[in-house]
Amino acid sequence: MNSYDFAANRASSNFDQRHVFNFSYVWDIPLFRSPGIAHTFLGGWQWSGITTVATGSPFTPFYNTDNAGVANATASSGSRPDLVGDPRSGITQVAGSGFGPLLYNPAAYAVPRGLTFGDVGRNTLVNPRHTNFDMALFKHFTIRESLAFEFRAEAYNVFNHTEWGALAGGGGSGANAVNSGTNVFASSGFLNINTAHNPRILQLGAKLLF
């Protein structure tokens, strides 16, 4: 924003996710292995899944006004608010706001002094962590040498955890239509999360092999 102050724009990249952990597994359940009716109906199951834990990407609070008087009145290059408190304390949800939970305290920010760019640094806030568990059960029924039947039950977000969306986009993406004003100071949804990832999704599948 201020072409004469490069240090004020020095910060983590928009796509800086410090920790990303992915764990996948497939377990052949060791029950009813001996040939027979018990093995046909109760044996041969596999349990598989993918677990993902990732820290959120950083984002910047903006003040969508040409406060410094340099004709840059856009949310990406206008100015930033002044920091007047701790954004991580004193968080209270505004009743009836129509938005999701507050991620940080909007009262920690104020309109910047006249003819300044604001003193809030770039990418000083971080979106919430994302934790997800996908799991599946798989059963192979052998009918004869050239014919088999497979059954699969899959669950995405199996524990149905609420995973909040990102303010001003996430993982380096730009602000999407739903979250376009959530990082703009003095907007009605400033620092309010108003999106979430999918709830639990269950699906069943069957396949005939011949």
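Observations
- Lone unmet requirement of (1) modelled with pLDDT of 80 or more; (2) over 16 Å from ALA153 (Cβ atoms); (3) crowded, with 16+ Cβ neighbours inside 10 Å for VAL53: (3)
- Spans of strands (runs of 3 or more DSSP E) in the stretch 106-210 with at least 2 residues over 27 Å from PHE21 (Cα atoms), at pLDDT below 85 and of a type outside the set (D, E, K, R): 130-144
Results for (1) surrounded by 17 or more Cβ atoms within 10 Å (Cβ to Cβ); (2) touching a Ser or Thr at 6+ places or on another chain (Cβ under 7 Å), shown as yes or no for each residue.
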| site | (1), (2) |
| --- | --- |
| MET1 | yes, yes |
| ARG10 | no, no |
| PHE15 | no, yes |
| ARG18 | no, yes |
| LEU31 | no, no |
| THR40 | no, no |
| PRO58 | yes, yes |
| ASP82 | yes, no |
| ASP86 | no, no |
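- Among the residues of the stretch 1-15, just one is hydroxyl-bearing (Ser, Thr, Tyr) and under 15 Å from GLY78 (Cβ atoms), namely SER3.
- Test: residue in the stretch 98-111 that is in contact (Cβ under 8 Å) with a residue 12 or more places away in the chain, aromatic (Phe, Trp, Tyr) and within 30 Å of SER48 (Cα to Cα): no
The values are calculated or read from the model by the stated rules, or taken from the named source; none is laboratory data. Keep in mind that this is a model prediction, so the values were computed, not measured. Cβ atoms come from the backbone with ideal geometry, glycine included; neighbour counts cover every protein chain shown.
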